[in-house]
Amino acid sequence: MFLPMTKKELWLQRDYGQSEAPAEVVGVDFVVVSGDAYVDHPSFGSALIGRLVQSLGFCVGVIAQPKKDADFCEFGAPKHGFLLAGGVVDSMVNNYYVSKKKRTEDEYSEGGVYGNRPDRCVDVYAKTLKRLYPDCPIIAGGLEASLRRLAHYDYWDDSVRKSILWTSGVDIVVYGMGENPMFDLLEYAKKGVHLGKVRDVKGTAYLASLDTVPKKVGQKLQEGGCKDLVVLPSCGQVSADKKAYFEAFDLSMQGMATADKTLVQWQDERQFVVVNPPSSPLTQAQMDSVYALPFERTQHPRYKERVPALQEVEFSVTAHRGCFGDCAFCAITYHQGRIVQSRSEDNIIQECESLVDKPGFKGYIHDIGGPTANFHEPACDKQAKHGVCANRECVGGDGNCNQLKVDHTAYLSLLRRARSIKGVKKVFVRSGVRFDYIMSDMDQAFLQELAKHHISGQLKVAPEHASDSVLKHMNKPHFATYLAFKQEFEKATKACGMAKQYLVPYFISSHPGCTIADAVTLTEYLKEINYMPLQVQDFYPTPSTLATTMYYTEMDKNHKPIFVAKKPHDKAMQRALLQWRLPKNKALIEEAYKLAKGVGTHGKNTATQTNTQSNTPSNTHPSTRKPTKTVTQAKSPNKSTLLDKAYGRPKAHKGKKVVNRVHGKKRRK
Ligand code: SF4
């Protein structure tokens with residue numbers, strides 16, 4: 001049974017045996033309002049939160065993609081509040097291409113039809129709700145609210161916007177994953193507390209003034225902050241000064257890594273945002289119970305056309321959350337956190353078994369994974385007690401931390417059990433895999449079984465670039481690691497007799513720090529392997545990632561100046577270089593090559609585009625370079641990882657300190 005979308009559905013669910021709801025408002029405790037169509041699947045945050053709240057004994061209604069006032073008023077004023085989310089994706093990313101042109105489709109709407117959600121969805125919906133129900137609390141969650149909780153650079157405005165708490169007027173933002181904050185808020189609701197006034201729940205943020213802030217916080221703030229209350233540069237300061245912007249970003253990342261820091265940022269002369277410390281990760285038992293809620297796993301029957309995003313997830317299973325990858329361009333770590341939280345194997349297998357009887361299931365489980373498929377368990381034992389390191393990276397360009405546990409045993413065991421379920425023909429791994437982590441494993445069983453059982457013809461991987469200098473900015477492993485993985489993958493594929501199986505590498509153009517010479521390096525590699533991506537993934541400065549901060553400030557993570565391709569022509573050249581075979585790109589490519597050699601007509605540009613931070617000449621072909629420091633793990637001196645075999649045995653870094661910043665917690669596969 002779906003969560004009701006109308007009064008009539010609610011009435012029927014209450015089993016009063018009448019086909020029509022009474023004219024008066026049927027009371028609900030909460031109303032979920034979402035910018036997406038209602039798909040009752042745990043991959044859709046609004047459905048998950050709605051189900052969770054319902055499971056704790058509250059009555060919940062759903063309003064999806066409202067347009068008119070009447071849509072917002074379907075259930076009247078809920079007893080405890082509106083739970084508002086822009087959708088799975090930030091509404092601006094959902095509505096616009098990186099070129100800032102309007103998209104033609106919306107994956108999260110019925111029939112993929114564009115135009116069912118407004119730009120800045122949370123702001124628009126919240127203002128309407130406040131106008132209609134001024135006294136009813138609004139609690140906003142999801143990516144759009146979470147990543148915009150502090151003042152942030154907004155690519156579409158090309159300026160710094162104030163916190164979404166200020167622009168939208170919502171009472172509370174739940175940031176990160178919402179379950180634990182919701183548990184606490186629901187305890188208050190049970191006691192009859194007005195949720196708009198709750199100020200002490202971890203994982204939430206609110207707007208306050210000195211008159212309204214809790215006494216303790218106000219006192220510390222007036223004293224200029226302390227160890228557990230950090231005052232960030234104000235919105236005015238970060239708008240006027242890019243160094244201040246980076247400093248605020250670093251402090252907010254530090255706040256995410258600790259369990260006890262409250263952050264405060266002034267938005268104007270009178271009001272400031274208070275970000276309470278992050279909530280704890282879910283325990284395995286909590287994860288199990290959340291994913292065992294009675295989801296219908298499909299779209300609400302009111303929709304005649306299919307919601308395209310359902311296709312990806314309908315026969316896929318989430319095994320875990322969180323990611324310790326720290327890719328600069330990805331917001332997942334900032335939103336889900338660096339501590340991986342996994343469901344139990346039995347719980348996941350039960351969900352896999354339940355798929356077998358679902359209509360439309362043809363024997364294929366499309367994915368069992370998470371943000372990064374093979375980051376299935378926490379990065380190290382220390383995290384359980386002390387959380388993640390604020391000033392160290394677990395994996396990435398500097399190599400693995402020496403505390404990192406590299407072990408695919410649990411994930412492999414899960415995949416083995418899933419593929420032996422009666423009625424299941426194949427289990428694919430479609431979530432991104434970190435090939436550097438695979439290469440760091442002493443045991444090659446995962447790669448062998450991945451190649452043999454879990455690839456549907458193509459394994460998509462994300463080296464993201466071929467220039468080590470760009471990869472360093474992205475916090476991705478050296479390109480040599482990818483090349484070594486490619487060899488091993490091909491060997492494993494051959495060994496298991498899967499001749500028609502390929503690696504499909506993803507690359508990003510115009511990432512901050514990528515000069516035209518770096519882009520040419522990538523083209524040279526693509527030419528060598530005779531490969532041209534069909535689509536170019538141009539860097540998209542989405543809210544609150546490290547890479548977006550680099551894009552805006554034109555500084556690297558150590559606050560040193562870098563080149564950023566911002567001008568349309570510079571970006572067009574980098575895009576053209578990826579699609580080097582297309583005749584229409586010929587002129588741009590010739591120009592790019594001239595620029596990269598420093599003999600082009602844009603003499604000045606050539607100078608600015610020379611990356612002085614690379615240790616290797618950017619236009620030297622990567623496959624001819626001697627591998628620099630690569631990844632490995634420090635344990636078991638008598639055993640070798642695949643990388644050891646390929647390149648000798650480099651040392652793991654000992655948790656290298658990153659000066660003056662806490663490293664970005666974002667990634668994307
Ligand atoms: S940097 Fe190392 S010690 Fe710190 S959380 Fe990551 S793996 Fe653990």
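The values are calculated or read from the model by the stated rules, or taken from the named source; none is laboratory data. Just so it is clear, the structure is predicted and the values come from calculations on it, not from any experiment. Here Cβ is always computed from backbone atoms with ideal geometry, including for glycine, and neighbour counts include all displayed protein chains.
Here are the numbers:
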item	result
Boolean, His335 is closer than 28 Å to Ile508 by Cβ and either more than 16 Å from the ligand (Cβ to nearest atom) or in the same structural domain as Gly142 (by TED's automatic domain parsing) (or both)	yes
Boolean, Phe361 is under 30 Å from Tyr552 (Cα atoms), part of a loop (DSSP other than H, G, I, E, B), away from the ligand (no atom under 16 Å from the Cβ) and touching a residue at least 24 places away in the same chain (Cβ under 8 Å)	no
Flag for Ala70 being hydrophobic (A, V, I, L, M, F, W, C), at pLDDT 95 or above and closer than 21 Å to Ala331 by Cα	no
Condition check for Ser234: under 15 Å from Ala208 (Cα atoms), crowded, with 19+ Cβ neighbours inside 10 Å and in contact (Cβ under 8 Å) with a residue 24 or more places away in the chain	yes
Thr128 being in a helix (DSSP H, G or I), over 17 Å from Ser34 (Cα atoms) and in contact with a helix residue (DSSP H, G or I) (Cβ under 8 Å, 6 or more places away or on another chain)	no
Wholly enclosed helices (runs of 4 or more DSSP H) of the stretch 434-500 bearing at least 2 residues within 20 Å of Phe539 (Cα to Cα) and at pLDDT 95 or above	468-474
Single condition Glu393 does not satisfy, out of (1) at pLDDT 95 or above; (2) within 16 Å of the ligand (Cβ to nearest atom)	(1)
Residue identified as β-branched (Val, Ile, Thr), surrounded by fewer than 19 Cβ atoms within 10 Å (Cβ to Cβ) and closer than 20 Å to Gln271 by Cβ among Thr167, Thr104	Thr167
Failed item in (1) in a loop (DSSP other than H, G, I, E, B); (2) under 21 Å from His453 (Cβ atoms), with Cys323 passing the rest	(2)
Candidate set from the stretch 42-67 (those that are under 24 Å from Asp288 (Cβ atoms) and out of contact with any strand residue (DSSP E or B) (no Cβ under 7 Å at 6 or more places or on another chain)); member that is surrounded by the fewest Cβ atoms within 10 Å (Cβ to Cβ)	Gly57
Answer residue from the stretch 27-41, given it is of a type in the set (Gly, Ala, Ser), in contact with a strand residue (DSSP E or B) (Cβ under 8 Å, 6 or more places away or on another chain) and part of a loop (DSSP other than H, G, I, E, B) and is nearest to Val113 (Cα to Cα) among those	Ala37
Filter result for Val93 (outside the structural domain of Met573 (by TED's automatic domain parsing), without any contact (Cβ under 8 Å) to a residue 60 or more places away in the chain, among the hydrophobic types (A, V, I, L, M, F, W, C) and under 21 Å from Gln311 (Cβ atoms))	no
Filtered residues of the stretch 157-204 (kept if on the phi > 0 side of the Ramachandran plot and either in the same structural domain as Val238 (by TED's automatic domain parsing) or under 22 Å from the mean Cα position of the chain (by Cα) (or both))	Asp158, Gly176, Gly203
Helices (runs of 4 or more DSSP H) lying entirely in the stretch 504-595 (those with 2 or more residues that are within 22 Å of the chain's Cα centre (by Cα) and surrounded by 18 or more Cβ atoms within 10 Å (Cβ to Cβ))	546-553
Residue count, the stretch 376-390 (criterion: within 11 Å of the ligand (Cβ to nearest atom) and either under 15 Å from Gly337 (Cα atoms) or among the hydrophobic types (A, V, I, L, M, F, W, C) (or both))	10
Matching entry among Asp407, Asp326 (being within 22 Å of Gly203 (Cβ to Cβ), acidic (Asp, Glu) and not assigned by TED's automatic domain parsing to the domain that holds Ser469)	Asp326
Any hit, the stretch 420-436, residues being within 16 Å of the ligand (Cβ to nearest atom) and either surrounded by 15 or more Cβ atoms within 10 Å (Cβ to Cβ) or not assigned by TED's automatic domain parsing to the domain that holds Asp260 (or both)	yes
Pairs with Cβ under 6 Å, 6+ apart, first in the stretch 403-415 and under 11 Å from Glu345 (Cβ atoms), second more than 16 Å from the ligand (Cβ to nearest atom) and of a type in the set (Asp, Glu)	Leu414/Glu345
Any hit, the stretch 438-446, residues being over 30 Å from Asp250 (Cα atoms) and within 16 Å of the ligand (Cβ to nearest atom)	yes
Residue list for the stretch 334-350, filter: at pLDDT 95 or above, outside any loop (DSSP other than H, G, I, E, B) and buried (at least 22 other Cβ atoms within 10 Å of the Cβ)	Ser342, Ile348
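Conditions (1) crowded, with 20+ Cβ neighbours inside 10 Å; (2) without any contact (Cβ under 8 Å) to a residue 40 or more places away in the chain; (3) within 30 Å of Glu105 (Cα to Cα); (4) over 23 Å from the mean Cα position of the chain (by Cα), marked per residue:
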| residue | (1), (2), (3), (4) |
| --- | --- |
| Ala244 | no, yes, no, yes |
| Gln271 | no, no, no, yes |
| Pro278 | yes, no, no, no |
| Gly322 | yes, no, yes, no |
| Ala328 | yes, no, yes, no |
